[in-house]
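Nothing in this text is a laboratory measurement; each read-out follows from the coordinates by a stated rule. All of these numbers come straight from a predicted model, not from anything done at the bench. Reconstructed Cβ throughout: ideal geometry from the backbone, glycine too, with neighbour counts over all protein chains shown.
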Amino acid sequence: MASQDWFDKDFYKILGVSKDVSEAELKKTYRKLARQYHPDSNPGDAAAEARFKEISEAHSVLSDPAQRAEYDQIRAMGSGARFSAGGGGGGGFNDVFGGMFGQGNQRTTFQAGGFEDLLGGMFGGGGFGQPSGGFRGYGGPTKGADLTASTTLDFITAINGETITLHPEGGAPIRVKIPAGVSDGQKIKLKGKGERSIDGGETGDLVLTVSVRKHPVFEREGLNLRVDVPVTFVEATLGATIEVPTLGGAPVKLRVAPGTPSGRVLRVKGRGVTTTKGTGDLLATVQVAVPSHISDAAKKHLEEFAKALPPENPRDDLIQRAGTLH
């Protein structure tokens with residue numbers, strides 16, 4: 001961009017925004033205008049192409065905080081200032097800067113690098129911003145907007161992984177590969193599946209948030225799966241071999257040792273969640289099931305059993321340890 005443009009053009013007016021416009025509002029306005037005047041939307045329309053160039057040029061400067069501050073400073077020094085090539089004619093650029101260097105109306109010639117190097121030193125930067133690509137050199141191409149979507153999966157689908165199809169409103173279906181072991185609330189970024197760029201830039205991404213339905217039996221804990229397994233009082237007391245369910249597979253047999261209390265965890269190696277980070281285990285928590293109804297005969301036998309037990313109170317240790325805190 002020629003430095004003279006910073007005096008000649010009112011970029012705020014070109015975009016139709018105020019000088020205190022926010023970054024968000026600036027971007028929103030630019031995208032709207034760029035869509036309207038983009039050459040692809042106006043084939044053969046020279047006026048629309050010229051307008052698009054102006055819009056892109058203005059946005060290129062105002063969207064860059066450093067260039068915007070420099071532009072505002074230059075404009076504040078005096079709109080309408082002109083460069084002088086050393087010929088006749090007073091005022092203009094020389095009058096604006098002559099007093100600053102004690103030269104009055106002395107004619108000054110600025111060669112390539114001169115004026116821009118001078119202002120670069122004054123404002124703490126190099127030369128003025130140059131076009132950085134985009135449509136025929138006017139402004140940098142902008143990436144298309146990212147889109148967001150969400151999907152809900154069954155528990156076993158999330159564990160095993162699956163390819164699903166999303167149906168965006170007003171768009172073509174999108175095939176998405178859900179990796180094995182995806183967790184509830186996890187976000188998956190699908191590169192290049194977002195909104196197309198309005199000026200030939202990179203296509204945006206699609207960010208998919210996954211929700212996982214709860215399972216009636218299993219719970220997930222990192223890479224491990226947890227399941228509560230009820231055992232009878234007799235099984236817990238005398239010991240037993242029991243069957244424990246697995247997710248999507250046949251039950252496995254586990255040995256319950258004699259005298260196993262409620263809450264003890266039995267581990268089944270390698271039967272948890274498998275991801276690229278590894279494979280977890282199945283953790284079976286023993287829950288001793290107490291019968292809610294027993295016959296008179298069973299009750300009599302149970303009372304006899306209780307009399308045969310040593311006179312121990314299983315809560316003695318708990319009460320003693322609780323008392324040490326006082």
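A few remarks follow.
- Share antiparallel - DSSP beta bridges, region 219-323, percent rounded to 5: 65
- Close amide H contacts of residue 272 (hydrogens built in the peptide plane, cut-off under 5 Å, sequence separation of 5 or more or a different chain): 280, 281, 282.
- Rounded to whole numbers, the Karplus 3J(HN,Hα) couplings from phi for region 41-55 are 8, 9, x, x, 9, 5, 5, 5, 5, 5, 5, 4, 4, 4, 4 Hz, using 6.51 cos²θ - 1.76 cosθ + 1.60 with θ = phi - 60°, and x at Gly and Pro.
- The slack in the chain from residue 300 to residue 319, taken as 0.36 nm per residue of separation less the alpha-carbon distance, amounts to 3.8 nm.
- Region 293-304 - phi-based ³J(HN,Hα) in whole Hz, Karplus 6.51/-1.76/1.60, Gly and Pro as x: 9, 9, 6, 4, 5, 5, 5, 5, 5, 5, 5, 5
- Summarising the label geometry, the points placed 7 Å from Cα in the beta-carbon direction at residue 253 and residue 63 lie 6.9 nm from one another.
- Sequence of 159, 188 once ranked by neighbouring C-beta atoms within 10 Å, starting from the fewest: 188, 159
- This ranking places 74, 174, 319 by how few other beta-carbon atoms lie within 10 Å of each, fewest first, which gives 319, 174, 74.
- Placed amide H near residue 228: partners under 5 Å, 5+ positions off or other chain: 285
- The length gained by stretching the chain between residue 150 and residue 224 to full extension, at 0.36 nm per residue less their Cα-Cα distance, is 24.1 nm.
- Under a 5 Å amide H cut-off, with hydrogens placed 1.01 Å from N, residue 181 pairs with 159, 160, 161 among residues at least 5 apart or on other chains.
- For 203, 142, the sequence from fewest to most other C-beta atoms within 10 Å is 203, 142.
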